[in-house]
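Just below is one structure, and these are the notes that go with it.
Nothing in this text is a laboratory measurement; each read-out follows from the coordinates by a stated rule. Model, not experiment: these values are computed from the prediction. Here Cβ is always computed from backbone atoms with ideal geometry, including for glycine, and neighbour counts include all displayed protein chains.
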Amino acid sequence: MISRMTLIDHLNWRHAVKAYDATKKVSEENIDKIVEAARLAPTSSGLQPFKTIVVRDQKIKDQLAKGALNPECMRDCSHVIIFAAWDRYTEERIDKVYDFTTDERGLPRGRFKSYTDKLKDIYLKQPAELNFAHAARQTYIALGLALAQAAELKIDTTPAEGFSNEVVDEILDLRKWGLKSVSMMYVGYADTEKDWLGTMKKVRIPKEEFVLEF
Ligand SMILES: Cc1cc2nc3c(=O)[nH]c(=O)nc-3n(C[C@H](O)[C@H](O)[C@H](O)COP(=O)(O)O)c2cc1C
């Protein structure tokens with residue numbers, strides 16, 4: 001059956017779910033589609049300076065719940081998808097991405113050297129925290145697209161920043177990968193009895209206020 005729902009319909013359908021049904025699991029096929037939407041997100045200079053971490057292991061979810069604003073969501077959702085950004089930019093990281101890109105396109109390595117030299121000149125002079133902040137911003141585009149893809153699949157989600165970065169980074173040993181957690185999304189099926197937001201009107205500030213036109 002061809003869905004006649006538009007992207008706007010799907011975005012109106014979704015909401016930040018407040019309670020999940022722990023007995024309902026999202027298929028791995030659908031998790032792959034959500035991750036694929038994140039993978040296809042545009043990023044600054046195409047660096048994709050983050051990893052998308054899929055947590056399905058219940059024991060790990062239970063551990064991650066410590067310090068979370070919605071510990072029940074963490075425990076009861078089917079999967080948690082975490083976005084963790086590079087802790088800094090390095091010459092090697094930039095070159096790796098651009099070497100891969102030129103190889104994939106059948107171009108000689110170094111084809112974009114004048115551009116990558118500019119990137120290195122800007123980023124490598126900056127403190128690591130500023131690099132991380134830039135990388136972290138890229139993750140939100142992926143988060144948004146992943147939320148939209150889940151909505152199209154009629155899978156419930158909650159975007160979340162309400163968690164302990166220390167706990168997440170420690171449990172997943174992210175420092176080892178040169179990563180720091182930024183944001184996450186709970187993925188699953190709502191417990192419609194307990195999900196108090198599910199029956200409430202979606203509220204957004206009116207367009208006239210939201211948009212400035214010149
Ligand atoms: C970056 C980000 C972080 C958020 N963090 C949390 C969170 O930690 N816990 C939570 O319950 N909701 C969280 N939310 C959900 C927002 O409160 C919610 O998206 C917003 O109120 C709009 O409601 P809607 O998503 O239901 O349309 C977050 C949303 C975003 C985009």
Residue 39 paired with residue 205, simple spin-label distance in nm, labels 7 Å along Cα-to-beta-carbon: 3.7 nm
Between the range 1-78 and the range 96-155, the Cα center-to-center distance that results, in Å: 21 Å
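Report the FRET efficiency, 1/(1 + (r/R0)^6), for residue 102 and residue 137, where r is their Cβ-Cβ distance and R0 is 30 Å, rounded to 0.05. Walk me through the numbers on the way to the answer.
Numbers: r = 25 Å, r/R0 = 0.85.
The calculated FRET efficiency here is 0.75.
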Where labels lie 7 Å past Cα in the beta-carbon direction, separation of residue 13 and residue 120 in nm: 4.8 nm
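Report relative contact order for the range 59-192 in percent, whole number only (criteria: Cα-Cα under 8 Å, sequence separation at least 6).
Numbers: 169 pairs, mean separation 54.9, N = 134.
RCO, the range 59-192: 41 percent.
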Distant-in-sequence amide H partners of residue 197 (H built 1.01 Å from N, under 5 Å): 18
The range 113-121 - phi-based ³J(HN,Hα) in whole Hz, Karplus 6.51/-1.76/1.60, Gly and Pro as x: 4, 5, 6, 5, 4, 5, 4, 5, 4
Phi to ³J(HN,Hα) by Karplus 6.51 cos²θ - 1.76 cosθ + 1.60 over the range 97-108, Hz, x for Gly, Pro: 5, 6, 5, 4, 5, 5, 4, 4, 8, x, 9, x
Cβ crowding within 10 Å averaged over residues, with 130-137, 106-113 ranked highest first: 130-137, 106-113
Reachable lysines, given that their alpha-carbon falls under 22 Å from the alpha-carbon of residue 201 and they are not under 8 places away in the same chain: 18, 154
Proximal lysines to residue 113, defined as alpha-carbon separation beneath 26 angstrom and excluding residues fewer than eight positions away on the same chain: 51, 96, 125
Cα-projected label distance for residue 25 with residue 113, points at 7 Å along beta-carbon direction, nm: 5.1 nm
